[in-house]
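Below is one structure, written out as structure tokens; comments come after it.
Since every read-out is calculated from the coordinates, none of them should be taken as a lab result. What you see is a predicted model; the values in this text were computed from it and never measured. We place every Cβ from the backbone using ideal geometry, glycine too, and count neighbours over all the protein chains shown.
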Amino acid sequence: MRLTMVGTGYVGLVTGVCLANTGNTVTCLDVDPSKIEKLKKNICPIYEPGLTELMVHNAQAGRLLYTLDKTAAYRDADSIFICVGTPSDERGHTDLSYVLGAADDIADALKQRKAGSKPCVVVVKSTVPVGTTLEVQKRILSKLGMPPEAARALFRIADNPEFLKEGDAVNDFNKPDRVVCGVEIGPDGKLDEFSSQFFRDVYDPFVRNGHPIYIMDILSSEMVKYASNNFLATKISFINEMANLCEAYGADIAKVREGMCADKRIGNQFLYPGLGYGGSCFPKDTLACIMMGDKAGMEATLSKAVHHVNARQRERFFDKIQGHFKGSGGLAGKTLAFWGLSFKPRTDDIREAPALTLIRKSVGFGATAKGFDPVAAENAAKELGPAAKVVPDMYEAATGADALVVCTDWDEFKSPDWERLASVMKGKVIFDGRNLYRPQQMRDLGFAYYSVGRAPVKAR
């Protein structure tokens, strides 16, 4: 099939590359000339393990194309996937200008399709508030100046939310737990069979592991994405709240988690205490649920609590840093080293990263901040500017530091050279936001040690 991805960001590029890898001819469209030029040179604009290799393979095979030309991208496409950004403000209101702009361009292209061509399946893959896909349909119909029934010969509208974990997106796409597809309700009151069959055909290579393709109405499909991410965010905030209770009463969250997760009804995924969730999805999607609830007059009480707990988690951790230095003049004049600047390992994404919050707070109280990250250093340096010095080595970051703050659980942080670390640091203090180390281990090494949901260790 001939498929077009509108937008070469995280979702559009991973989707396009993986669909090309199963034999489709995929055109990736973007409005950024510099990005398209890099892609044509097989330079991947994001860090995602395994993606560059697939890009090169499929580009060389002639199945993966990059263009700025909207007419060429849309003209003969069997399907157009809208994968543009949907940024939101601090209240969860989503900016749909890029999605609606794509709809306008698609409408112009549909007017020029050859008579007798099969309908083009226009797929909204961007995460959008419930009801947006049908708004896209109305937008296209308005520009075409055609009633819905007549326009069905030109296009069908659909929704296909993504469930990609940054750092493991290629594997997630190739081996999905499930594929969710939303299609129109046809004149006969049934799910549109043309779009349904399109999704079965395009995703069949990815579900031969027996995992399902769920085809449902569009509104439900849109809601699946929000409900899934909001639930995972809830699990993270829940375990962090339990960790805070453990600290208050002297319990150990590691032992509590072990006993709790042995219950098959609970499981163990997304139940790791730490600095809370970050990135581009969980914060935005939780806020979107809050916004949709307010808009509908149905307060999303639990979602609001999840968001509040997550924001408070970073504040509580920063309080530990401040509290340790309270007796020595506070943070003013102190140097803090930060290991891990991305919001999670295996990605260069710094959006809503806990490290950036903690760095800015520390600098605001007069501290000097130095940071290291294996892949997100460049992005973090641009974002932080003069607020922090980002260096290329983890031990260089720790040199002369009064304390080390671990913010991301990259593998190289899990077993550092403790003797070297102690020799370069000014103070033997570690604030571990990911519970990478054992308290007894820190006690034996002579470090003051603060983690999440466990009693602190005093320095020898």
Estimated dipole of the chain in Debye, rounded to 20 [Cβ of Lys and Arg +1, of Asp and Glu -1, Cα centre]: 740
3J(HN,Hα) from dihedral phi, segment 455-460, Karplus parametrisation 6.51/-1.76/1.60, rounded to Hz, x for glycine, proline: 5, x, 10, 8, 5, 6
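Among R156, R360, R316, rank each residue by its count of other Cβ atoms within 10 Å, from fewest to most, as a rough exposure measure. Intermediate results must be reported in sequence, preceding the final value.
Details: R156 23, R360 13, R316 16.
Listed from fewest to most nearby Cβ atoms, that is R360, R316, R156.
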Folded to 0 to 90 degrees: helix 301-325 orientation relative to the chain principal axis, Cα: 30
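Compute the Rg to Rh ratio over segment 217-460 from the alpha carbon atoms, using the Kirkwood formula for Rh, and round to two decimal places.
On the way: Rg = 18.6 Å, Rh = 18.8 Å.
Radius of gyration relative to Kirkwood radius: 0.99.
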Residues whose placed amide H lies under 5 Å from that of V84, excluding near-sequence neighbours: S126
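For the chain, what relative contact order do you get, as a whole percent, if you take Cα pairs closer than 8 Å and at least 6 residues apart?
Values: 884 pairs, mean separation 51.4, N = 460.
RCO, the chain: 11 percent.
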Answer label for semi-axes √(5λ) of the Cα gyration tensor in Å (calculated), chosen among [x] 45, 24, 19; [y] 32, 27, 24; [z] 61, 22, 17: [x]
Normalised contact order of segment 57-193, rounded percent, pairs of Cα under 8 Å and 6 or more residues apart: 21
Helix axis angle, 10-20 relative to the chain longest principal axis, alpha carbon, degrees: 50
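Starting from the Cα-Cα distance between D263 and C44, subtract it from 0.36 nm times their residue separation and give me the gain in nm to one decimal.
Working: separation 219, 0.36 × 219 = 78.84 nm, distance 4.19 nm.
Once the chain is fully extended between D263 and C44, it gains 74.6 nm.
Please give the contour-minus-distance gain from H93 to W418: 0.36 nm per residue of separation, less the Cα-Cα distance, rounded to one decimal in nm.
Working: separation 325, 0.36 × 325 = 117.00 nm, distance 4.63 nm.
Gain on stretching H93 to W418: 112.4 nm.
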Residue-averaged [θ]222 nm for the chain, counting only DSSP H segments that reach four residues, each worth -39500 (n - 2.57): -13500 deg cm²/dmol
Hypothetical label at A153: residues of segment 96-139 whose amide nitrogen lies under 16 Å (7 Å Cα-Cβ projection): 110-120
Long-range amide H partners of G371 with built H, under 5 Å: F338, K389, V390, V391
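Using Cβ counts within 10 Å as a stand-in for footprinting exposure, how do W418, W410, W339 rank, fewest first? Walk me through the intermediate numbers first.
Numbers: W418 15, W410 23, W339 27.
Fewest-to-most ranking of W418, W410, W339: W418, W410, W339.
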Pairwise centroid distance, computed over Cα atoms, of segment 122-164 with segment 302-347, Å: 43
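Among H57, H211, what is the fewest-to-most ranking by other Cβ atoms within 10 Å?
Working: H57 15, H211 12.
Neighbour counts put them in this order, fewest first: H211, H57.
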G453 long-range amide H proximity, modeled H, under 5 Å: E247
Helix axis angle, 132-144 relative to the chain longest principal axis, alpha carbon, degrees: 40
